[in-house]
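K.L.:
Below are the structure tokens for one structure; questions will follow.
The values are calculated or read from the model by the stated rules, or taken from the named source; none is laboratory data. Owing to the predicted nature of the structure, the values given are computational and were not obtained by experimental measurement. Ideal geometry is used to build each Cβ from the backbone, glycine not excepted, and the neighbour counts take in all protein chains shown. Surface accessibility is based on the protein's heavy atoms, side chains included, excluding ligands, DNA and RNA. Shrake-Rupley method; radii C 1.70, N 1.55, O 1.52, S 1.80 Å.
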Amino acid sequence: MTSHTPSFAIIGHPNEGKSSVLSTLAEDDSVRISPVPGETTHCQLFPVVIDGKEILRFIDTPGFQNPRQTLAWMQNYQGPDSELINTFLAEHQQQPDFHDDCQLLQPVAAGSGIIFVVDGSRPVRNVDRAEMEILRLTGAPRMAVINNKEDHGDFIDDWHNAFRKHFNAIRIFNSCRANYIERIELLESLKSIDQQHEPLLRQVISAFQKDWQLRTERSAQLIVDLVCDVLQHKETLTVQDAHQEEQLHERLLQRYQQAICAKEQQTYNAMRTLFKHNIFNLQLPEHSILKEDLFSRRTWEFLGLSRGQLITAGALSGAVVGGSIDAMVGGASFGIGAAVGGMVGAAGTVFKGKQLIDRMKLFGHKIAGEQMQVGPATNSQLLYILIDRSLLFYSHIINWAHGRRDYADYQSLGPNQSKQGYTSGWSSQERQPAIELFKAIAKQDEAKIITSSHSLRTLLSKQLNLISER
């Protein structure tokens, strides 16, 4: 560790949130979280790295092994206060009964600050008071964190009263629910525990904020890339036997849908990586709209624009299929199962003769026989549904704390619980970049695609920032 890298030892009992607090603060879901006492017997380093530079480090420590004996030794110590920890380590390093206590105090002796984590749902015990007094006697900068992990605050006042005697700062923190804003607020509180730490922590917080904004902008670009890719995608098959036309039609539709869903999943995986979710592979509950297939009826009923908004968007973008708004939206019920063909454009159409040759030239080669094609999409509703699902996924991952492990019990759809998706709340002006991009892709206007993509990315960045601040 260099003198320019702030370091904090995370101290606490098993099953009280120590490891989950560490995991959430470090954005590292590889931290082992176990209710079994004694599993952590050595300190483990968890650096926070931004742009290849370590800006902060957290240290997972064992729990106290013999706090009462350790406290008694410290209270009877007669030497200089500055040598208390080093003297304790020198005298007890080789004693098995004090192995964990020495491991815990080593990073403190090396200059680390202290974050002491307790479970706010249980009462303060005498052993807790002994541990708090040990940490006070070390003279290290100290913050107490009340991990209110079950939203039960019956003993929070008692903890506050006990902590005021021993710590420089106190913070209530739900390690399983904490979002980006709450992590930044905790880091802000750390600045107050020692004036020497303040300049470095100010730099750390600034680096966190810049990095988060960069991730947000990259997420917006991922969504724009997805939309552009999907709206231009098409699948083709050569029809050799007219009697197989219907069968090939169904196969082609299936291929198209699978390809689009795969593109969407690739975007989500890239977004997960951006936000450092390595083991986050949530099995969504049955009612979650993100568990629904992209082309399911429920997805199209739940997300995207309202019928009236879609009529306006369709008129502006020229997206009305067959001159009928019902065809464009798949009917009043958004019956996508029966309307995929109309939604993606030339689905199931058999091109013959010169028409086929002209179309094949667009692909850069000619194909003999009859050609069946699905795509590109001609229904602007697909664009809005892709955006809505991406925004919902973004909301999930930024609000899923790295220290959280209750995947099977997760029930929330996220902050946006309304019938419609995010885009239904956009004004006509806000929807304009999406409309312009749709038109540009339909016309294959490369210059316009670039400018409208930039405008849509700017809009999405603003939307993602709003989601982050909730």
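K.L.:
Could you give me the ³J(HN,Hα) list for the range 69-80, computed from phi with Karplus coefficients 6.51, -1.76, 1.60 and θ = phi - 60°, whole Hz, x at Gly and Pro?
P.N.:
5, 4, 5, 4, 4, 5, 6, 8, 5, 10, x, x
K.L.:
Then there is this: What is the pair-distance distribution P(r) of the range 1-146, computed from all Cα-Cα distances in 10 Å bins starting at 0, with each bin given as a whole percent?
P.N.:
11, 43, 35, 11, 1
K.L.:
Before I look further, what does the range 100-215 give for accessible area per residue, probe 1.4 Å, in whole square angstrom?
P.N.:
Values: 4760 Å² over 116 residues.
Roughly 41 Å² per residue, with all protein chains present.
K.L.:
Which ³J(HN,Hα) values in Hz, rounded to whole numbers, follow from the phi angles of the range 131-145 under the Karplus curve 6.51 cos²θ - 1.76 cosθ + 1.60, where θ = phi - 60° and Gly and Pro get x?
P.N.:
Residue by residue, the range 131-145 yields 5, 4, 5, 4, 5, 5, 5, 5, x, 6, x, 9, 10, 9, 10 Hz.
K.L.:
What FRET efficiency, computed as 1/(1 + (r/R0)^6) with R0 = 25 Å and r the Cβ-Cβ distance, is obtained for ASN126 and ARG177, rounded to the nearest 0.05?
P.N.:
It comes to 0.25.
K.L.:
Check which residues have an amide H placed less than 5 Å from ILE114's amide H, if you skip close sequence neighbours.
P.N.:
Hits under the 5 Å cutoff: ALA9, ARG142, MET143.
K.L.:
Gain in length, GLN444 to SER30, computed as 0.36 nm per residue apart minus the alpha-carbon separation, to one decimal in nm?
P.N.:
144.5 nm
K.L.:
How much FRET efficiency would the formula 1/(1 + (r/R0)^6) give for GLN196 and LYS53, where r is the Cβ-Cβ distance and R0 is 25 Å, rounded to 0.05? List each step's numbers first, then the result.
P.N.:
On the way: r = 21 Å, r/R0 = 0.83.
For GLN196 and LYS53, the calculated efficiency is 0.75.
K.L.:
How much length, in nm to one decimal, is gained on full extension between ASP154 and LEU45, taken as 0.36 nm per residue of separation minus their Cα-Cα distance? Could you put the intermediate results ahead of the total?
P.N.:
Details: separation 109, 0.36 × 109 = 39.24 nm, distance 3.33 nm.
Extra length available between ASP154 and LEU45 comes to 35.9 nm.
K.L.:
While we're here: Roughly how many nanometres apart are two label points built 7 Å out from the Cα toward the Cβ at GLN95 and GLU469?
P.N.:
Taking the two extended label points, one gets 5.6 nm.
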